[in-house]
Structures are given as C-alpha cells and as structure tokens.
Amino acid sequence: MEYVWAEEGRIKFLVPATDPHHPFPPGSAPVFYNPRMELARDATVLLSKVLPVSRYLDAMGATGVRGLRIAKECEVPVTINDRDPQAADLIRRNSEILGVPVEVVSSDANCLLSGRVFETVDIDPFGSPAPFIDSALKGCGRFLFVTATDTAPLCGAHRNAGIRRYFAIALNNEYHAETGLRILLGFIAREAARYDRGIEPLFSYAREHYCRVHLRLLRGARMADRSLSMMGYVLQCPSCIFRTHTTGILPSHEECPYCRNALVPVGPLWTGPLHDRNLLDRLHESISSSGFRLGGELRKLVDTCRNELDIPHHYDYHGLARYFHISPPPIDDVIHSLKSRGYEASRAHFSGTAVKTIAPHSVLREALTRNRS
Ligand SMILES: C[S@@+](CC[C@H](N)C(=O)[O-])C[C@H]1O[C@@H](n2cnc3c(N)ncnc32)[C@H](O)[C@@H]1O
Ligand SMILES: [Zn+2]
C-alpha cells in the first residue's frame, strides 16, 4: 500500500494514496478515507468534549482518524475496531506515529458489541447502519453516534430497501432529507425500546450524502415509552403542498383541508426534537477556540440547527414560489413576514432554501408576496 499524509484537527496521519481518476477516489484505496467527512468528524470531536464522553469506541475505524482524533483532542481512552486486518494495521501504525495509546481491535463490530460495553459507541459503516443498531445498543452505555450514507432507501428513492432496512416508507419529495433523518432516529428509538431504553437526540443532521445522529440513551421502561410517544408520521397531500404530522403507532386517515385528498403517510418516524438546544449553545461557544479549518462551516450548521423549529417537516422556498406562481422576496424576509403575522417560522439546516412553519396557505402566500409599497 502506498501512503500519503493527511491532516485534520490536531492530528497528522497516514492514509492510502487514491486514484484521482476514479469516479469516487476514496473508493479506490484498500483502506477508506473520505476527506469530505472532516466536518462531521469535527462536530463529533467537539460534541465529545462538551458532553463530555469518557470512553469511546470507534467501531468502524478504517484509517482510525475518528477515534485517533477523539484520543488526541479529547484525551479519553479510545478503542478503534475494524474488521479488515489491513485497516487495523494502519490504525496501529497511525496510533504509534501520534503516540496516542489506543486499543486496536480487528473484529466484526456486531461480535465486539455483543460482548463488551463502551460508554460511547460510534457506528460509521459503508451504507446502512441498520444491521449494527441492535448490537450497538447492547454494547453502548450512554452515548450512541451513528452515520448513515444510504440516503436512497432513507429518502424514498429505493422504496423496498427502505422498508427492508428501516421498516418505513419514505417519499422522495423536497423535504426527504428531513424524513430520512427522522426515519433513522425512529428506527433506533424502536430498537432501543425493546430493551426498555429511550433515546434523546443531542445533535442530528442531514448533509450532502449522509445523515449523522448523536444520541443519549436513557434507561427504564418509562423512558422507552416516552420515546415511543414521539413516534408518528408526516402526512403529505398528494396534490397540493399541504403537510402535517400525527403521533401514534398507526397513521391516522386524514383529508387535506384544502383539496380533500387522502393524505399520504410517511414513516413511521421520529417526530420529536432533533437536538438538545442547551448542548448546541455550548457547542457553538466552543467552536471559536477549536481552531478547526472548517470552523466557520460548523458554526453555521450548529447555529441553524439550534434555531430551527421542532416540527418534523419543512417547505422549500423555491417550491413555494412555484406553487403560488410568485417571485418572492429574499428568504429571510419571508421568515420575518411569517413571524410578523404571528406564525413561528425558521430556516432549517437541510438546505439553504428550507423554511419551517405551520402557517396556513393564505399566510404563506401573503408572506411570499413582495411588498411593493
Ligand atoms: C465508512 S468506513 C469508516 C470510516 C471512518 N470511520 C472515518 O471516519 O474515516 C467503514 C469501515 O467499516 C469497516 N467495516 C465494514 N463492516 C464491518 C463490520 N461488520 N465490522 C467491523 N468493521 C466493518 C470497513 O472495513 C471500513 O473500513
Ligand atoms: Zn391538498
């Protein structure tokens, strides 16, 4: 294997050389490293400092970058695992270079997590994390961090795969990134409830090609029941922009109040909060001293997340403009205008054109209409 140096946060480490002509260069190397996930790793490192975590398992390490950064930047005991012996060798070599004493294991993540318990467990597989959630819950004491890169099944593009992996139906529409993230959270909540455990989302976001969730696990049947009470469905009208949500195990049969069509249920999914706002405030404060190369981008993400409304769907500003045949004022003016009409409204991190509100259509139309006076 030919190696090159990479640098992230406070570490410099070896990664395999990639073929720049490959359609997805990280996929051309024997051990996986995607520099485009740096921001996701920055977020996890900072969150782990703020919580703080005290014992961390990187269950799918590849080069080990995630776990090595936690070991170096958070100064807590870390175990890094990868089933692939070549990856485990590289993790060992990188930890020696850095002089950080991490435990390196080369096992199947499901076997490792069925036999040992770690305070914090991080699952970062290729594609869907669904086959790892049961054992991750068994092997997790307190904090569970999960990445999903199988956005097609989560977002309704591959309907049957979504049903197989998450037992949920997604709709491939303009807010699919949000429903995908919530389907993943809902799946974890249902898996946890079987063990009388509840979940509390701390910082959950969807970005580019992936979803990332950071959760606190809570013990006891009451906590599990409380989590399950957040399960429900987004209900979407098939012919107009109306959408709403409902909680409960079964979707309710409702009509669109505007066009009387039967609403289509999306889910089951998590309808509760995506973040712990106090924690995001602390995360926000700690970004400036982090020295992260992508600190500005992370600040923007955290800032948008802590200000977004707790409703499980959103509109797209351009979609609204098309629907009402209006050339609207800037998005911030639309949000301001909704608020001045007495309706809560916010941006959302899912895209630069996402708008969260439950304002009725007449108010949406007024807010989108440019004030020409
Ligand atoms: C997406 S990569 C991890 C990337 C890494 N966490 C990072 O931030 O760069 C997924 C890794 O999981 C490993 N893997 C896949 N299935 C596994 C399993 N069942 N148990 C343990 N490791 C597994 C692969 O060998 C691969 O190195
Ligand atoms: Zn309708």
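Table for the structure above
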{"item": "The listed residue being outside the structural domain of H325 (by TED's automatic domain parsing), more than 24 Å from D316 (Cα to Cα) and in contact with a His (Cβ under 8 Å, 6 or more places away or on another chain), out of L294, L218, L202, L250", "result": "L202"}
{"item": "Contacts under 6 angstrom Cβ, first residue in segment 251-268 being within 17 Å of A177 (Cα to Cα), partner modelled with pLDDT under 95 and within 15 Å of ligand 2 (Cβ to nearest atom), 6 or more apart", "result": "V266/L171"}
{"item": "Residues that are over 17 Å from the mean Cα position of the chain (by Cα) and open to solvent by less than 20 Å² (accessible area, probe 1.4 Å), drawn from segment 277-297", "result": "I287, G295"}
{"item": "Test: residue in segment 44-54 that is part of a loop (DSSP other than H, G, I, E, B), aliphatic (A, V, I, L, M) and either in contact with an Asp or Glu (Cβ under 9 Å, 6 or more places away or on another chain) or open to solvent by less than 10 Å² (accessible area, probe 1.4 Å) (or both)", "result": "yes"}
{"item": "Candidates L274, L269, L320, L301, filtered to the one that is open to solvent by less than 30 Å² (accessible area, probe 1.4 Å), assigned to a helix (DSSP H, G or I) and away from ligand 2 (no atom under 16 Å from the Cβ)", "result": "L301"}
{"item": "Number of the exception - G99 against (1) more than 17 Å from T147 (Cβ to Cβ); (2) open to solvent by 10 Å² or more (accessible area, probe 1.4 Å); (3) touching a helix residue (DSSP H, G or I) at 6+ places or on another chain (Cβ under 8 Å)", "result": "(3)"}
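To keep it simple, each residue is scored yes or no on (1) under 30 Å from L279 (Cα atoms); (2) within 12 Å of ligand 1 (Cβ to nearest atom); (3) under 26 Å from the mean Cα position of the chain (by Cα); (4) touching a residue at least 12 places away in the same chain (Cβ under 8 Å).
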| residue | (1), (2), (3), (4) |
| --- | --- |
| H21 | no, no, no, no |
| V53 | yes, no, yes, yes |
| G61 | yes, yes, yes, yes |
| R69 | yes, yes, yes, yes |
| C74 | yes, no, yes, yes |
| D84 | no, yes, yes, yes |
| I91 | no, yes, yes, yes |
| G99 | no, no, no, no |
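The values are calculated or read from the model by the stated rules, or taken from the named source; none is laboratory data. Nothing here was measured: the structure is a model prediction, and the numbers come from that model. All Cβ positions, glycine included, derive from the backbone under ideal geometry; neighbour counts span all protein chains shown. What goes into the accessible areas is simple: the full protein's heavy atoms, side chains included, and nothing from ligands, DNA or RNA. Shrake-Rupley method; radii C 1.70, N 1.55, O 1.52, S 1.80 Å.
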